[in-house]
1. I want to confirm something. Restricting to segment 131-167 and keeping residues that are touching a Phe, Trp or Tyr at 6+ places or on another chain (Cβ under 9 Å) and farther than 23 Å from Ile292 by Cα, which single residue is surrounded by the fewest Cβ atoms within 10 Å (Cβ to Cβ)?
2. Read through the list (1) part of a helix (DSSP H, G or I); (2) out of contact with any helix residue (DSSP H, G or I) (no Cβ under 7 Å at 6 or more places or on another chain); (3) modelled with pLDDT under 75, then give the number of the only condition that Gly123 fails.
3. All but one of (1) more than 14 Å from the chain's Cα centre (by Cα); (2) at pLDDT 85 or above; (3) more than 20 Å from Lys33 (Cα to Cα) hold for Ser204; which doesn't?
4. Filter segment 30-61 down to residues that are hydroxyl-bearing (Ser, Thr, Tyr) and more than 18 Å from the chain's Cα centre (by Cα) and give me whichever is surrounded by the most Cβ atoms within 10 Å (Cβ to Cβ).
5. Mind listing just one residue for me: the one in segment 193-251 that is in contact with an Asp or Glu (Cβ under 9 Å, 6 or more places away or on another chain) and of a type outside the set (A, V, I, L, M) and, of those, nearest to Leu140 (Cα to Cα)?
Amino acid sequence: MQKQQIPLKNSLLLLLAAIIWGIAFVAQSVGMKYVGGFTFNAVRSLIGAVVLIPLIFILKRRNSPSDSASKASGRSDTSSNTVSNMQEKKTLIIGGIACGICLCLASNFQQFGIKYTTVGKAGFITACYIVIVPVIGLFLGKKCTKFIWAAVAMALIGLYLLCITDGFSIGKGDLLVLVCAFLFSLHILVIDYFSPKVDGVKLSCIQFLTCGILSGIPALLLEHPELSSILAAWQPILYAGVMSCGVAYTLQIIGQKNMNPTVASLILSLESCISVLAGWIILRQQLSTKEILGCVIMFAAIILAQLPQKQTE
């Protein structure tokens, strides 16, 4: 018998990312009053990439003494190290571009889907990635315990109570957000594949650069953004760029290392709860009894998913 341990540090990093993303819904709502969806995503992503560049150099300088010592002690391994470094750089670039494409598609489908559906429906449908991730993961050889599946069911019930306030119907916006949920599921699984192989901060930087460039193309062609509009929305864009992109997505990449992607998706889905709380505190929106119950069930699901479970080999 073997116990499945969920690293506490990783869980806390993912929880912090969920909190930042939950608050970012407020920033995103305000920012969309000034600029279009592609423009908002392009600028915030490019800011996120720029913010990470100094951090990459700081971490490189901190690790350089150990690197130089290892070179002095084993010069015979120079050729093998060179090949290894080239392979790692190739994996980093491929992984960063793959993550950036998934992020670009998911974030823009979500942005425009919200235009044609209610926020409650969009929140619930987007959070369906916590079910889609383990289903896709089964085809990739990922195993989940019965407790995790029970936590998934509890999370869905909690999200339903939290987000759905009117009749559920499938419309244009619902379908767009459902596509977004599938794309976010792929994004989580792509990160799960590449994050153990490369540096997480560099992966995140390339991801945002890719997302920013890809979002910027339709922004320039379709929305014709003006500098005055971007400057008018500097506060929400800066929060979304620095905190939501630069900090939170990096926390996601680092936090997902060696963690079951289903558990990671459950923790990240807490952003739905946080967004409601942020709306209550910042925008003075009131929570109903049903919404509070949904938050409680969501937190119970997260706790259940993180309990170490016995697995037979």
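The values are calculated or read from the model by the stated rules, or taken from the named source; none is laboratory data. Just so it is clear, the structure is predicted and the values come from calculations on it, not from any experiment. Every residue, glycine as well, gets a Cβ built from its backbone with ideal geometry; the counts of neighbours run over all protein chains shown.
1. Among residues in segment 131-167 that are touching a Phe, Trp or Tyr at 6+ places or on another chain (Cβ under 9 Å) and farther than 23 Å from Ile292 by Cα, the one surrounded by the fewest Cβ atoms within 10 Å (Cβ to Cβ) is Leu140.
2. The single condition Gly123 does not satisfy is (2).
3. Single failed check for Ser204: (1).
4. Within segment 30-61, the match that is surrounded by the most Cβ atoms within 10 Å (Cβ to Cβ) is Thr39.
5. Lys197
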